[in-house]
1. I'm trying to understand the selection: among the residues of segment 459-471, which are under 18 Å from PHE628 (Cβ atoms), at pLDDT below 85 and within 12 Å of ligand 1 (Cβ to nearest atom)?
2. Could you tell me whether LEU531 is in contact (Cβ under 8 Å) with a residue 60 or more places away in the chain and not β-branched (Val, Ile, Thr)?
3. Pull up segment 527-570, narrow it to residues that are modelled with pLDDT of 85 or more and within 16 Å of ligand 2 (Cβ to nearest atom), then point me to the one that is nearest to GLN514 (Cα to Cα).
4. Looking at this structure, is LEU243 buried (at least 18 other Cβ atoms within 10 Å of the Cβ), at pLDDT 90 or above and either away from ligand 1 (no atom under 13 Å from the Cβ) or in the same structural domain as ILE365 (by TED's automatic domain parsing) (or both)?
5. Going by the conditions given, is GLU608 over 12 Å from VAL311 (Cβ atoms), within 16 Å of ligand 1 (Cβ to nearest atom) and in a loop (DSSP other than H, G, I, E, B)?
6. Exactly one condition in (1) free of Cβ contacts under 8 Å to residues at least 12 places away in the same chain; (2) within 20 Å of LEU394 (Cβ to Cβ) is false for ILE341; which is it?
7. How many of the residues in segment 118-136 are assigned to a helix (DSSP H, G or I), open to solvent by 40 Å² or more (accessible area, probe 1.4 Å) and touching a strand residue (DSSP E or B) at 6+ places or on another chain (Cβ under 8 Å)?
8. Specify which of the listed residues (GLU57, GLU151) is among the charged types (D, E, K, R), surrounded by 14 or more Cβ atoms within 10 Å (Cβ to Cβ), in contact with a helix residue (DSSP H, G or I) (Cβ under 9 Å, 6 or more places away or on another chain) and at pLDDT below 90.
Amino acid sequence: MALPMISTRPENSVPTLSLDDDLQFLKGIGPALAATLAKIGLKSAGDLLRYFPRRWEDRTRFRHVADLVPGETASIQGLVIGTTTKYPRPKMAITEVLLDDDGSAVRLIWFNQPYLEKSFARLVQLRKPIIVFGTVRRSGFSFEMQSPEWEEVSEDGDPLAMDRIVPVYPLTEGVGQKRLRRMMDTVLQMYLPLLEETLPASIILEHRMLGVETSYHNIHFPESQAYLQEARRRIVFDEFFTLQCLLALRRRANSHLAAGIRMKVSLEHLKAEIAEIVPFTLTGAQQRAISDIAADLSTGRAMNRLIQGDVGSGKTMVALAAMLMAVQNGYQAALMAPTEILAQQHAIVLRRLLEPIGLTVELAIGSLKAKEKRDVRERILGGQSMLAVGTHALIQEGVEFAKLGLVVIDEQHRFGVLQRQALAKKGMRPHVLVMTATPIPRTLTMTLYGDLDVSVLNELPPGRKAITTHWKTQAKRNDVYVSAHRLLAQGRQVYVVCPLVEESEKLQAKSATQLAEHIAENVFPQYRVGLLHGQMKSEEKDEIMRQFKAHELDILVSTTVIEVGIDVPNASAIIIENAERFGLAQLHQLRGRVGRGEHASFCILIAEPKSEEGQARMDIMVETQDGFRIAEEDLRLRGPGEFFGTRQSGMPELILADVLHDIDILTETREAAFRLIEEDPELRKPEHRALRRKLQRTEVGFELVSTA
Ligand code: ADP
Ligand code: MG
């Protein structure tokens, strides 16, 4: 007998709403608008709810012209009383508008948008008020704003845009503020109740936060400034919390699954040995990092440590110490570098220091001959060689280790997490040490590498000369060459970095070749000029690097292949062509090629940045040599999205959260998240279920929570 069907919903109920609902079926949005919205990633109702305002404008209070302060941003409401467009030069149009606010006027200026004049002329006739927002500048006895944002005040007294704190959204062509606000209002009314509260109640209470619905309502249409702030705090907390939960889970997975090899290290003994083989005294920071590693190795859990040290801080010696620890415990150690040149350089350094004490160092790189490769592999597999240095070839070409106990990965930003894991899988849960010179703002390490322990090398070896940085325009190129001549005559060497060609490696190589020819023939005919670029065979590259190191070349013209870790102490100047095309972090790395010896060193940026941001970037390079400060400025100028590349790494996006300014909230969430995962590692408690589902929706979280 069939049982009657039990329905949880009444018959012929209205279709249920879902946050995944396609926007195009919403009232007031058709296929055309939906297509436009899709271009900025807005496809579903949920997407729209998470499309946060760029800023908010308090339209309960406008500024009056009389109260304006130059340099500040302000919103002003007023009437357009006149407009003209001037053409001071061919191809240049300046549109001026006079905005009147109770008898005092400000001048508004737009460049090369002559079509605006028509819109403003209409407004003059209609006597309709507008609202403008921009930076106030002084102009004679009065004030002006250049290219302010502006909006007509609708005569029907649009309730979403008047007498309240009004959201201003990032826009795309074809959708205005007014339209977006309306849509948002509709979506909020319909879908707000569907937002799931994923923060556990205990955390909401402890941190005194608004609930999810109130927060989303107020982030879009704030009831008051206080509500806006609280809504923002809550949503930022959410974003960081998700991230930190994932990091906590990942860290747990690492240490919990990877019961590691317990090693014994006598620091005293190790230090004595290093003092024997290394020709200088280690810096305090190097010693601290080495102690951190020694402690990790003795816990019985697998080490996952990041060594973060600016260029030239001496990371290689830390790697060497760690490798010695592994070898003395009877384990093999591998060092991976991102390029063959760098792998070779490491092999040279390690061999010089370690062969005298009877340790052989294998170099496993792709360009070896087949027979050599086989021999190297055999010695690693057979355990005759305890140390191997290589590129990705170490993992990709099936090198097997007899007893791998430690993997050191140099310049980690070149490696994906997956490669890190792939190599780790080769051994018996080897300890992993990651080294990076990519300066990460101190405050951010816990966001990016929150699953790793971190040691910072915040001290340069003594005797380093500061690198003086100059920014020159193309017109001053000759002066630059004159200075370079002087250095070359003193026996120094010089790097010249070619402009970045993004279209293709081939074009890049071609431009490098041309520049090298030009320099060899016309600029420094009396000196020996070498060329290095990515399209050369690795033997050729190696040979050039060898020659430059041996001072058989005076000038090395190169693409960014020299960016990573090359160490030639006699090179004391680097000239970077079209420096405005490079990222700050990259410029900093390039600059780190000099200042590595006893000579005063120079970095010359030849650049003609067009934008203010570009100029600011050059100024920062001239001003500071502190990699961490540069990273912070870089982050400030470029914004966190680009800096993190969170999308690629499968980590949740930070939309509202600002990793520089919200550091207090970040610290709070980190503590809360790690505590929560500690207490309920598999998120099995009923009050954690919603959070568990949310984490599973992210790529990384899926792995971490579903296999738990
Ligand atoms: P990083 O990889 O951190 O950029 P390196 O390990 O290449 O730096 O070291 C840069 C240079 O400093 C090398 O020439 C190295 O021999 C030297 N060096 C490292 N540690 C010290 C130290 N404690 N004292 C003096 N020189 C050092
Ligand atoms: Mg290095």
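The values are calculated or read from the model by the stated rules, or taken from the named source; none is laboratory data. For clarity, every value in this text was computed on a predicted model and none was experimentally measured. Cβ coordinates were reconstructed from backbone atoms using ideal geometry, including for glycine residues, and neighbour counts include every protein chain displayed. We work out accessible area using only protein heavy atoms, side chains counted, and drop any ligands, DNA or RNA first. Shrake-Rupley method; radii C 1.70, N 1.55, O 1.52, S 1.80 Å.
1. Initial filter on segment 459-471 (under 18 Å from PHE628 (Cβ atoms)): 459-461, 464, 466-467, 469.
Now drop any that are not at pLDDT below 85, which leaves 464, 466.
Result: ARG464, single match.
2. Here the answer is no, as LEU531 does not meet what is asked.
3. Result: MET545.
4. Values: buried (at least 18 other Cβ atoms within 10 Å of the Cβ): yes; at pLDDT 90 or above: no; either away from ligand 1 (no atom under 13 Å from the Cβ) or in the same structural domain as ILE365 (by TED's automatic domain parsing) (or both): yes.
No.
5. Numbers: over 12 Å from VAL311 (Cβ atoms): yes; within 16 Å of ligand 1 (Cβ to nearest atom): no; in a loop (DSSP other than H, G, I, E, B): yes.
So GLU608 fails the test.
6. (1)
7. Here the count works out to 2.
8. Criteria check complete, one pass: GLU151.
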